[in-house]
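The values are calculated or read from the model by the stated rules, or taken from the named source; none is laboratory data. Here the structure is a predicted model, which is why all the values come from computation and not from measurement. Here the Cβ positions follow ideal geometry from the backbone for every residue, glycine too, while neighbour counts run over all protein chains shown. The protein model used for the area step is the full one, side chains on, heavy atoms only, and it has no ligands, DNA or RNA in it. Shrake-Rupley method; radii C 1.70, N 1.55, O 1.52, S 1.80 Å.
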Amino acid sequence: MSTPLLRLLQGAGFSCGALVVGIAFGLFLTPYMLTCLGENAYAVFVLASLFAGWCAPLDLGLTTTTSRYITRYYVKDDYVGVNETGSTAIILFSGISALVFLLACVAFIVAERYGARFDETGLLGGALFFAGAAFAVSKISDGVRGVVNGALRQELTGATVFVFRILFGLVSFAILYFGGRVIALLVGNLILTVLQLCVYIFLMRRVVPTFHFSFKNFSKKRVRTLFNYSFFTFLAQMGEIAVNRSDLIIIAALMTMSDVARYNLVVVTFMSYFNSFLYETSTWQTNWFTRLASLETTEEDVREQKALQKEVPSRMELSDEFYASRGAITRASNYLSVFMAFGLLAFGRPFIERWIGAEYLDAFPALVVCVLAAGVYRGSAETNSRLLQGLARHQILAVGAMLHGVLNIVLSVLFIKMGLGLFGVALGTALPGLAIYYFWIPNVTCRLIGEKKCVYWTRQIRTTIIAVAATLLPGLLVACFAVPQYTRLAFLAVVCFVLYSAAVCALGLTSAERSLAKAFLRNMFRAKTE
C-alpha cells in the first residue's frame, strides 16, 4: 500500500476516533453540565455555541478548497502554486477570522445593552464574545491545516484533532468539577483552540518545508481560482443546511413543540452522528482523487493552460488506477454505511429507551425511514462527492444539494398535511435524497468520468446484497440479547462489528484487497510500535 494512501487512511481513522470521543463526551457532559450550571446558565452556554455555528458558513467552502488545490500543486511539484495558494488561503482565512471577531464584539455590545431583558445571569455578552473569539482562531487553523492536509499528511492533523478533542472534554469536565462557570468553560475552549493553532503551525513548518508563508505570495489570480471552486462547495453546504435545519422549523410551524423535541432528540441527533461519521471517513478521498488526477492531464489542466479556450470536453479519460480506486472505495463506503444503518436500526430502540426514556420511542419510525434511505445511498454518495470535488466537477453537487433542500421542504409540508406527522417529515427528507444521491448523481458521475453505468450499478447492487446478508447473523444476536443497558449494548455492538467485518471480508473483498487490508493493519501496528 502506497505511503500517501496509508497516511490518508490513518488520518481518516483519527478523525473518526475524534468524532466518537466528541460524541461520548457530549452524551456524558450534557447532563453533568446542566446539573452544575443550572438551566439558565446552561441556556447561555448553548446560545454561545449556536453563535459559533451561525458563523460557520462564513468560510464559503474554502476549507475543502484549500486542501484540494494544495494537493494538486504539491503532486505536480508546482511549489509556486503551493506557496501562492497556501499563503492566499491563510490570508483569506485571517480576514474571515477578523470578521468573526468583529461580529463577536458586536454581539458582546448588543448583549450587554439589551441582554438583561431575557438573560438574568448577565453572562450572555461575555459568553458570545469568547465563543466568537475561539471560532475566529479556529478559522486561521483551517487555513494552516489545509496546507498540511494538502501535502497528504492528514494522519498528523487527524491525530492532532483526536488529542485535542480529548483535551477539550477533559478540561471542560475539570472546570465544571472545580466549580467553574460558563465563562471559564469558554475561556478554556479559547486557550485550547490557540494551542491547537500553534500545533498546526509547527506541523506545517515541519512536514511541508517547501511551503513558505508570505504576504508577497498573495495572488489575486489564486483568489479567483479558490472562490471559483469554493462557490459551488458553499452552495452544496447551504443545501445541506437547508435539509438538516428546515425539518425542525416545519414541525414547529405545523405541529407541536413536543414533536420538535422528539424529532430533534431521536432523528436529528442520530442522523447527524450517522452523516458526520461517514463524512469524516470520506474527507481523505478528495485529496486521493485529486492526487490521482494530478498525475495525468485532465480537462482542468487544459482549461488552466487555455489550450481549449471555451470548448471543454464533457468526459475525460483517466488511468486504470483511478477507476480501480473508485470501485474499491465505493464498495468500502457502501459496506460502512450499511453497517452504520444496521447499528441504528438494531440498537436504536433499546439505546433511546435507556438514554432518554421510552416516551420518545414514538419518533423511532421516523428515524427508521431516514436510516434506511441513508444506508442505501449515503456511502456511494460520499465517494461520488469526493471524486467530483477531486476533479473540480463538483457543480453538480451544488445543484443536487439545493434541489434536495427545496424538495425536502415541499414534501415534508405536503406529508404533514396528509396526516403522516413525524413519519411524513422523515419521508420528505428521505425520498428526494434517495432519488438525487442514489440515482441521479451516480449516473452523471459515470458520464463525466467515462465509466460504464452497467459496471457501476452491478458493483452497487452486488455490494448492497453482500452488506445486507452480512447483517443477518448480527441482527439475530441483537434481537435475542439486546436490552436497554449500556454495557450489554456496547458488548453486542463490538461482537456485531466483528461478525459483520468477517463476513464482508470473506464475501465482499477480492484477494488483492484482503492483502491490502492486511498490509494496512500491519503498517498501522508497526507505526504505533515504532
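Pairs exceeding a 28 Å alpha-carbon distance, out of LYS139/LYS216; LYS76/LYS220; LYS220/LYS452; LYS139/LYS221; LYS76/LYS221: LYS220/LYS452. So which trypsin sites (Lys or Arg not before Pro) in the stretch 450-500 are both in a DSSP loop and have at most 14 other Cβ atoms within 10 Å of their Cβ? Hits after loop and neighbour filter: LYS452. For the chain, the solvent-accessible area works out to 46 Å² per residue, with a probe of 1.4 Å and every protein chain left in place.
Semi-axes of the equivalent ellipsoid of the stretch 76-214 are 34, 19, 8 Å, computed as sqrt(5λ) over the eigenvalues of the C-alpha gyration tensor in descending order. Secondary-structure-derived ellipticity at 222 nm for the chain, considering helices only, amounts to -28500 deg cm²/dmol, per-run term -39500 (n - 2.57) for DSSP H runs with n ≥ 4. Note on the chain: Cα-Cα pairs beyond 31 Å make up 50% of the total pair count. Reducing the stretch 121-160 and the stretch 334-354 to their Cα centroids gives an inter-centroid distance of 31 Å. Relative to the 2.2 N^0.38 Å rule of thumb, the stretch 1-150 has a C-alpha radius of gyration ratio of 1.31.
When each of the peptides 148-155, 351-358, 399-406 is scored by how many other beta carbons lie within 10 Å of its residues on average, the order from highest to lowest is 148-155, 399-406, 351-358.
By accessible area, using a 1.4 Å probe on protein heavy atoms only, the stretch 191-265 has 67% of its surface on carbon and sulfur.
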